[in-house]
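Worksheet: one structure, shown below.
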Amino acid sequence: MITKMQSRSLALAAATIAVGLGSQQALATSQTGTAKAAIVAAIVVTENTQMNFGFVIPGASAGTLVLPPTGAPTATNVTYLNGSVAGAWNATGTSGQPLVVTLDASDTITGPGPAMTIDTFSTDAPATFTSGSVNFHVGATLHVGTAATQTAGNYSGTYTVTVNY
Amino acid sequence: MLARATGRSPALAAGALALVLGTPLALATTERGRASATIVQGVVVTEAVPMSFAAVAPPPSGGAIVLSTAGTIRSSGGFVFRGTPAPGAFNARGLPHHPTSVSFSTGNLVTGPGPAMRLGAFTNNAAPTFDGTAKMDFAVGATLVINPNQTPGQYTGTYAVTVNF
């Protein structure tokens, strides 16, 4: 007699637990769909190497030095000595998303003589984030005055790089 | 009950739109990079003093004689030297404090009434950088190889000095 009562109360307890679990699972299912839109990653842009046109000797007439994102610069009416390096950048974002680089139309670099314009910025950045971290380069065209006007010395300035999805 | 349901769903839709429109603006990242160039008003090298071994009386077997940047000559036995030898002296003008180095042509010959003599193994005492006023003056020594039974007479030749910027 005592033995029979104990076994029945155990059966009731087990049934209560089963109902409690079942009702929680049913409520959770109705909320699953809203989570997808919240997944986003902020883009971080970092300058790894400063753009440098190197050492340039002006000519009798005004000239340019075209610094491509990769490869050697092209001189017109100036003599290029050495030391040029394209700007090197890194962008981190979400892999597979579009990668849109926006560069300035023109900037100036200043020094001991007349300011020099840098324009026609170019980049070798891919069109999409091929991975979560993408390296790319930025080149530009330097406009140099004549030997008579462009005073020797160091000239420097800044330009902006904007990365967007 | 119905009114509450429709009122809530436009609010959710607005939230989703705000995410889609807001995301590119919020995640676009702009960084300023640095660009620089150095204008050089030419690198000029001029010879101030021609190199001279002065008068040399070689032994019949010939041999190599070495002119130092200090203007002293040394050789193996049997040579007699007269007159005042001179190292080559050069003045270079570049950019203040900029690193530089000097290099020489090869295969240089000194010619005269007898067989040509080889001039090489150049030495120099150039500083590793231009000074604060963009100057770098230096002396050049060399080794002259005299052939056996070299015909007496005046011998002259040239060598090229390159100042690497």
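Of note:
- The strands (runs of 3 or more DSSP E) found wholly in segment B:34-92 and carrying at least 3 residues that are within 22 Å of B:Thr162 (Cα to Cα) occupy B:44-49.
- If you go through segment B:38-52 and keep only what is over 18 Å from B:Asp137 (Cβ atoms) and crowded, with 19+ Cβ neighbours inside 10 Å, you end up with B:Thr38, B:Ile39, B:Val40.
- Counted residues, segment A:105-117 - those being free of Cβ contacts under 8 Å to residues at least 40 places away in the same chain, more than 8 Å from chain B (Cβ to nearest Cβ) and not β-branched (Val, Ile, Thr): 3
- Scanning segment A:57-99 for residues that are among the small types (Gly, Ala, Ser), within 10 Å of another protein chain (Cβ to nearest Cβ), surrounded by fewer than 18 Cβ atoms within 10 Å (Cβ to Cβ) and assigned to a loop (DSSP other than H, G, I, E, B) yields a single hit, A:Gly83.
- Filter pass, B:Ser105 being touching a residue at least 24 places away in the same chain (Cβ under 8 Å), exposed (fewer than 14 other Cβ atoms within 10 Å of the Cβ) and closer than 18 Å to B:Tyr159 by Cβ: yes
- Failed criterion for A:Ile43 (all others in (1) more than 7 Å from every other protein chain (Cβ to nearest Cβ); (2) surrounded by 15 or more Cβ atoms within 10 Å (Cβ to Cβ); (3) farther than 18 Å from B:Phe165 by Cβ; (4) at pLDDT below 95 hold): (1)
- For segment A:144-165, the candidate set comprises residues that are more than 30 Å from A:Ser133 (Cβ to Cβ) and outside any strand (DSSP E or B); within that set, the residue that is modelled with the lowest pLDDT is A:Ala152.
- Evaluating A:Leu142 against the criteria (1) within 28 Å of B:Val40 (Cβ to Cβ); (2) more than 11 Å from chain B (Cβ to nearest Cβ) leaves one unmet condition, (2).
- Single condition A:Thr102 does not satisfy, out of (1) away from every other protein chain (no Cβ under 11 Å); (2) part of a strand (DSSP E or B): (1)
- Scanning segment B:28-41 for residues that are touching a residue at least 12 places away in the same chain (Cβ under 8 Å) and either of a type in the set (A, V, I, L, M) or farther than 21 Å from A:Leu67 by Cβ (or both) yields a total of 1.
The values are calculated or read from the model by the stated rules, or taken from the named source; none is laboratory data. Note that this is a predicted model, so its numbers are computed, not measured. Here the Cβ is made from the backbone with ideal geometry for all residues, glycine too, and neighbour counts use every protein chain on show.
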